[in-house]
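Laboratory data are not the source of any read-out in this text; all were calculated from the coordinates shown. Model, not experiment: these values are computed from the prediction. Here the Cβ is made from the backbone with ideal geometry for all residues, glycine too, and neighbour counts use every protein chain on show.
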Amino acid sequence: MIMEILTAIIMVLWILPAYLKAPKDYRLDKKFIIKTILMGIVIGFIGAFILQIIVGSIFTNVLMIPQDSLLYEFIKAFIIFGLIEELMKFCVGSFSLKKSQFQSKFDYMIIFALSAFGFTLLETTIVSSTGGLSGILRAFFPFHIMWQIFMGAHFYEYKVAKMNNDSKTMKKELALAFAVPILMHGCCDFSTTLIRNVAILIQSAMNTFDFISLILSLIYMIVLIFFTIITEIKFYKYCKNL
């Protein structure tokens, strides 16, 4: 229970100070904020969970990929988790944007962040209660929220380019909006799996574990934490300068 409360507090502290730096004219209605967070839980998390079961069954029962194989872990990280979860959070954010009073870049970033907040609030609470590396990282570094802030910012730039009929910028911004969060999400989950597998090997046979997988995974985790901090700083500066 303590970890669940701590998780919620830490996630709020990542986005609240930046949000409070924005002028009051940019503040969203409290009811709207609550609705977006709830949609992030129901449509984002639960919707993604149902899709993940269906897609996972296709890979294991139709395509006959063994669940204990590294290939399945890769598919699970990048498609079942990375692709599906980011798309579901995007759906929540896009739907909420249509109901928003404003259509500024700030709206895109904060609304996408709120959709991810609802999603990650439930997911991180569940994962953190089990402990381990993944639980600690998710509790103290809300990756989902920062990926969605990044997605929202670049999706806004895509919309601007679309209005200006700038096809080159449209392709670039759309690629950044989806490719970066999905790839980073996939790498995060796959790295966590590799670290867990290496830890098991270390315990079972001290002289037969994969140093390369461990080192690469740890390097990626550092990059991921760095990305999260930089995104938060940029978001904070943007809100401050509105």
(message) Distance between the C-alpha centers of the range 81-107 and the range 142-171? Whole Å please.
(response) 11 Å
(request) Which order do the peptides 53-59, 176-182 take when ranked by the mean count of other beta-carbon atoms within 10 Å per residue, highest first? (result) 176-182, 53-59
(request) Calculate for the chain the 222 nm mean residue ellipticity that helices alone would give, adding -39,500 (n - 2.57) per DSSP H run of length 4 or more and normalising by residue count, nearest 500 deg cm²/dmol. (result) -26000 deg cm²/dmol
(message) Using only the alpha-carbon atoms, how far is helix 84-98 inclined from the longest principal axis of the chain? Give it as 0 to 90 degrees, nearest 10.
(response) 10 degrees
(message) What distance in nm separates the two pseudo spin-label positions at R27 and F95, each 7 Å out from Cα along the beta-carbon direction?
(response) 2.7 nm
(message) Run the reach check for K31 against aspartates and glutamates, Cα to Cα strictly under 17 Å, same-chain hits fewer than 8 apart removed. What comes back?
(response) D107
(message) Which of D68, D29, D189 has the fewest other C-beta atoms within 10 Å, and how do the rest follow up to the most?
(response) D68, D29, D189
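If you add up the charges near L28, with Lys and Arg at +1 and Asp and Glu at -1, over every other residue whose beta carbon is less than 13 angstrom from its beta carbon, what do you get?
Details: positive: K24, R27, K30, K31, K35, K99; negative: D25, D29, D107.
For residues surrounding L28, the net value is +3.
Fewest first, what order do T192, T169 take by the number of other Cβ atoms within 10 Å? Mind showing how you got there, number by number?
Values: T192 21, T169 15.
Result, fewest neighbours first: T169, T192.
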(message) If I model a spin label as a point 7 Å beyond the Cα along the Cα-Cβ vector, how far apart are those points for V55 and Q67 in nm?
(response) 1.8 nm
(request) Using R₀ = 25 Å, calculate the FRET efficiency as 1/(1 + (r/R₀)^6) where r is the Cβ-Cβ separation of V42 and K168; round to 0.05. (result) 0.10
(message) So if each residue of separation counts as 0.36 nm, and I subtract the Cα-Cα distance between Y236 and V223, what length gain in nm does that give?
(response) 2.7 nm
(request) Sort H144, H154 so the one with the fewest other Cβ atoms within 10 Å of its own Cβ comes first. (result) H154, H144
(request) Read phi for every residue in the range 115-125 and hand back ³J(HN,Hα) as whole Hz from Karplus 6.51 cos²θ - 1.76 cosθ + 1.60, θ = phi - 60°, with x for Gly and Pro. (result) 5, 6, 4, x, 4, 6, 4, 6, 5, 5, 4
